[in-house]
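Undergrad: Once you've had a glance at the structure underneath, I'll fire off some questions.
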Amino acid sequence: MNRKSTDFLTISNWYCTVKRNHLNYVTFKCNYVRINAPIATNGLSTSLFLHGIIFNMYTGLLHLHRMIAYIALILIFVTMLKAMFGMLNKKSFTEGDRKLGLFALISGHVQLLLGLALIFIGPIMSHFSNLGEVMKNSELRFLVIEHPLTMTIGIILITIGYSKSKKADTDRSKFKSMAFFYLLGLVLILSRTPWQKLA
Ligand code: HEM
Ligand code: HEM
């Protein structure tokens, strides 16, 4: 490759894998986001190498975010159902009920943390400078705005539900806070889950 260090390689959908073969050529497996990566004359530049690490990190975090998505959805759903059942049948609120709600809360918080990491290290940041274009493209709008924002609000509602339930002094009001806020949170989360990527 006879390129100047200022040359740029344009790649579409970059965040799968970056591989370097024995001739120092770099291959990218891609999908839909586009970035420019600088290439140096002498093999792989540091910057491209760093991009490689970040690509792989992004892929790893994305897999983790998808795996925990199943766990979070199930835990939030079960907590909400159990709280509704407990409230309607006037059951007493047990330590098990609190722990179930806590695990659902933690899985939501971990999703929040992973989601924020994905935004900061991934291609989404670069779209914030061009929100006009993002808004016009439904796929990008989902990725950059709708999914992160709606999920964050859903997780905040679940956190409020857990916190209110912890402070409430009767079993019925403990169940009621969990049932109500976890249901609201769940509805928002379900509405903006990328199901095609989960299946
Ligand atoms: C319970 C809450 C959440 C669930 C169930 C969920 C689910 C998912 C799923 C299934 C994906 C697709 C994974 C893949 O392509 O393999 C995804 C991607 C993503 N999520 Fe979430 N998510 C949640 C919360 C959040 C939050 C709170 C944020 C940010 C604040 C966030 C940001 C992202 C980002 C940036 C991507 C990557 C999109 C891409 O590169 O294709 N997520 N999420
Ligand atoms: C961006 C990241 C995060 C934010 C903004 C956040 C925010 C919060 C807030 C506001 C509460 C208070 C709930 C209350 O009023 O009781 C809370 C509670 C909690 N968070 Fe997070 N959190 C984050 C990440 C995490 C992570 C990564 C974990 C665990 C791995 C976690 C575990 C917990 C637990 C266990 C509680 C409940 C403590 C209790 O009252 O029993 N959080 N978080």
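Undergrad: Report the residue count in region 113-146 for those that are within 16 Å of ligand 2 (Cβ to nearest atom) and either closer than 20 Å to Val187 by Cα or touching an Asp or Glu at 6+ places or on another chain (Cβ under 7 Å) (or both).
TA: Residues in region 113-146 being within 16 Å of ligand 2 (Cβ to nearest atom) and either closer than 20 Å to Val187 by Cα or touching an Asp or Glu at 6+ places or on another chain (Cβ under 7 Å) (or both): 1 in total.
Undergrad: Can Lys167 be described as without any contact (Cβ under 8 Å) to a residue 40 or more places away in the chain and over 21 Å from Ile71 (Cβ atoms)?
TA: Yes, satisfied.
Undergrad: If you take the residues in region 151-199 that are more than 16 Å from ligand 1 (Cβ to nearest atom) and farther than 13 Å from Arg98 by Cβ, which one is surrounded by the fewest Cβ atoms within 10 Å (Cβ to Cβ)?
TA: Only one residue fits best here, namely Asp169.
Undergrad: Where in region 17-127 are there helices (runs of 4 or more DSSP H), lying wholly inside it, with at least 2 residues that are at pLDDT 95 or above and surrounded by fewer than 15 Cβ atoms within 10 Å (Cβ to Cβ)?
TA: Per the criteria, 46-88, 95-121.
The values are calculated or read from the model by the stated rules, or taken from the named source; none is laboratory data. Everything numeric in this text was worked out from a predicted model, so none of it was measured. Methodologically, a virtual Cβ is constructed for each residue, glycine included, from the backbone with ideal geometry; neighbour enumeration extends over all protein chains shown.
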